[in-house]
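Engineer: Got a structure here, written out as structure tokens. Questions coming.
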Amino acid sequence: MVKRTRQYGTSSIRIDGDQRPLKRSRKGRNVGKLTMLLAMPMDILFEIFAHLHPLDLLHVARTSKGLRRILLAPSSTSVWKDSLSADADLPECPLDLSYPGWAHLVYDPFCHRCSVARVKNPDWKLRVRLCTPCSKRELHVYFPWSFGAVPIPDLLPHRDIKETRSIYVRTHMINMTSRWKAFKQDQDARVNFFTERRNIVRQIDEHASKCEAWARKKALDRIEYQDTLRLARRAAIIQKLRDAGYSAELETMTADDWTSFDRLKPVAQKRALTDRESIIQFIMSRKRKQPQHVS
Ligand SMILES: [Zn+2]
């Protein structure tokens, strides 16, 4: 079996290997400051980088050629590993991806093609994060017999939608077809390639299941965290009202009043209450307009 090694590259600012320029502007006042990092001793630079979030590392790598060269070099592997290890539940970086490529798939929230639209979740099996318009261009439905003599279902990860239909990334399919046909008469090389690819596809499928479970857990954790914030904010608002002398009014509130209270925009927000928010005036102004609520 052919030994696979991680891919490293320094030629593309996109990290994911796509050569098209990113449409989002990378310029800003901080870019100049960041390039000053290059003047620092390498060991200190690596120490700083290792403490950054993977998405921040990606941003740093995109700010200048020098920083990109450093961060995409194999010598920076430990930096990426340390950064990614901050989330102990995140599945390991798969062998067929580089660490920057893995960080890009997991954490970069923008569409991999247009780099403009935000996309909540990547497709862990197809290893792409695409917005709806780009999905329509890039993802195609194929039947097993669509590929002629090329065994694409064994060579490429795909998402089954019906018994006889699966979704593939169109460009991946075209590239793989070219690679397969390039073997021509070399049957031994073709068989080795087939075996290797089939193993990779199996590993990608297994890894994708772990990633989907991780993403589900992250989403639940986020909901739980937001609920905690909302409840803490509600309690803080009630305490503020008590401190302002409205305890008696709070005691006489009915269940419907509390339902209305909980629906008030400042109460329902999922963030901590700050001292600068004029909650009391807002709630009291609502009380004057709607005497049946919060009264
Ligand atoms: Zn897009």
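The values are calculated or read from the model by the stated rules, or taken from the named source; none is laboratory data. Model, not experiment: these values are computed from the prediction. Glycine gets a Cβ as well: all are built from the backbone with ideal geometry, and neighbour counts include every protein chain shown.
Engineer: Which of (1) within 16 Å of the ligand (Cβ to nearest atom); (2) surrounded by 12 or more Cβ atoms within 10 Å (Cβ to Cβ); (3) more than 17 Å from Asp96 (Cβ to Cβ) does Pro153 not meet, given it meets every other one?
Structural biologist: (1)
Engineer: Give me the residue from region 129-150 that is within 16 Å of the ligand (Cβ to nearest atom) and part of a helix (DSSP H, G or I) and, out of that set, nearest to Arg198 (Cα to Cα).
Structural biologist: Filtering region 129-150 for residues that are within 16 Å of the ligand (Cβ to nearest atom) and part of a helix (DSSP H, G or I), the one nearest to Arg198 (Cα to Cα) comes out as Glu138.
Engineer: Select from region 114-132 the residues that are surrounded by 15 or more Cβ atoms within 10 Å (Cβ to Cβ) and out of contact with any strand residue (DSSP E or B) (no Cβ under 9 Å at 6 or more places or on another chain) and list them in ascending order.
Structural biologist: Cys114, Ser115, Trp124, listed by residue number.
Engineer: Given the criterion free of Cβ contacts under 8 Å to residues at least 24 places away in the same chain and either touching a Phe, Trp or Tyr at 6+ places or on another chain (Cβ under 7 Å) or at negative phi (or both), identify the matching residue among Ala244, Ala235.
Structural biologist: Ala235 is the lone residue from the list that is free of Cβ contacts under 8 Å to residues at least 24 places away in the same chain and either touching a Phe, Trp or Tyr at 6+ places or on another chain (Cβ under 7 Å) or at negative phi (or both).
Engineer: Which residues, taken from region 259-283, are among the hydrophobic types (A, V, I, L, M, F, W, C) and either surrounded by fewer than 16 Cβ atoms within 10 Å (Cβ to Cβ) or in contact (Cβ under 8 Å) with a residue 40 or more places away in the chain (or both)?
Structural biologist: Ala268, Ala272, Leu273, Ile279, Ile280, Phe282, Ile283
Engineer: Identify the single condition in (1) at pLDDT below 70; (2) assigned to a loop (DSSP other than H, G, I, E, B); (3) of a type outside the set (Gly, Ala, Ser) that Thr63 does not satisfy, given that it satisfies every other one.
Structural biologist: So the condition that Thr63 fails would be (1).
Engineer: Answer yes if at least one residue in region 164-173 is within 16 Å of the ligand (Cβ to nearest atom), under 28 Å from Leu84 (Cβ atoms) and polar (S, T, N, Q), and no otherwise.
Structural biologist: Yes, region 164-173 contains at least one residue that is within 16 Å of the ligand (Cβ to nearest atom), under 28 Å from Leu84 (Cβ atoms) and polar (S, T, N, Q).
Engineer: Small (Gly, Ala, Ser), more than 15 Å from the ligand (Cβ to nearest atom) and not assigned by TED's automatic domain parsing to the domain that holds Leu45: is that true of Ala88 in this structure?
Structural biologist: Taking the combined requirement at face value, the residue does not satisfy it.
Engineer: Could you tell me whether region 235-244 includes any residue that is under 40 Å from the mean Cα position of the chain (by Cα), under 30 Å from Tyr168 (Cβ atoms) and modelled with pLDDT of 85 or more?
Structural biologist: no
Engineer: Something else: Pick from Arg118, Arg113: which is within 13 Å of the ligand (Cβ to nearest atom), out of contact with any helix residue (DSSP H, G or I) (no Cβ under 6 Å at 6 or more places or on another chain) and more than 22 Å from Arg202 (Cβ to Cβ)?
Structural biologist: Arg118 is the lone residue from the list that is within 13 Å of the ligand (Cβ to nearest atom), out of contact with any helix residue (DSSP H, G or I) (no Cβ under 6 Å at 6 or more places or on another chain) and more than 22 Å from Arg202 (Cβ to Cβ).
So that you can scan it fast, the table gives a plain yes or no per residue for (1) modelled with pLDDT of 95 or more; (2) within 30 Å of the chain's Cα centre (by Cα); (3) among the polar types (S, T, N, Q):
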{"residue": "Arg113", "(1), (2), (3)": "no, yes, no"}
{"residue": "Pro133", "(1), (2), (3)": "yes, yes, no"}
{"residue": "Trp145", "(1), (2), (3)": "no, no, no"}
{"residue": "Thr164", "(1), (2), (3)": "no, no, yes"}
{"residue": "Phe183", "(1), (2), (3)": "no, no, no"}
{"residue": "Arg198", "(1), (2), (3)": "yes, yes, no"}
{"residue": "Val201", "(1), (2), (3)": "yes, yes, no"}
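Engineer: Answer yes or no: is there a residue in region 27-34 that is within 22 Å of Trp214 (Cα to Cα) and at pLDDT below 90.
Structural biologist: no
Engineer: When the residues of region 134-150 are narrowed to those that are within 24 Å of Ala117 (Cα to Cα) and of a type outside the set (S, T, N, Q), which ends up surrounded by the fewest Cβ atoms within 10 Å (Cβ to Cβ)?
Structural biologist: Lys136
Engineer: While we're on this one: Do we find a residue being touching an Asp or Glu at 6+ places or on another chain (Cβ under 7 Å) and buried (at least 21 other Cβ atoms within 10 Å of the Cβ) anywhere in region 87-103?
Structural biologist: Scanning region 87-103, I find at least one residue that is touching an Asp or Glu at 6+ places or on another chain (Cβ under 7 Å) and buried (at least 21 other Cβ atoms within 10 Å of the Cβ), so the answer is yes.
Engineer: Which count do you get for residues in region 166-178 that are part of a helix (DSSP H, G or I) and either within 22 Å of the chain's Cα centre (by Cα) or surrounded by 13 or more Cβ atoms within 10 Å (Cβ to Cβ) (or both)?
Structural biologist: Residues flagged as part of a helix (DSSP H, G or I) and either within 22 Å of the chain's Cα centre (by Cα) or surrounded by 13 or more Cβ atoms within 10 Å (Cβ to Cβ) (or both) within region 166-178 amount to 6.
Engineer: In region 92-110, what residues are within 16 Å of the ligand (Cβ to nearest atom), in contact with a helix residue (DSSP H, G or I) (Cβ under 8 Å, 6 or more places away or on another chain) and in a helix (DSSP H, G or I)?
Structural biologist: The one that is within 16 Å of the ligand (Cβ to nearest atom), in contact with a helix residue (DSSP H, G or I) (Cβ under 8 Å, 6 or more places away or on another chain) and in a helix (DSSP H, G or I): His104.
Engineer: On the given criteria, is Leu126 within 16 Å of the ligand (Cβ to nearest atom), under 22 Å from Asp205 (Cα atoms) and not in a loop (DSSP other than H, G, I, E, B)?
Structural biologist: So Leu126 fails the test.
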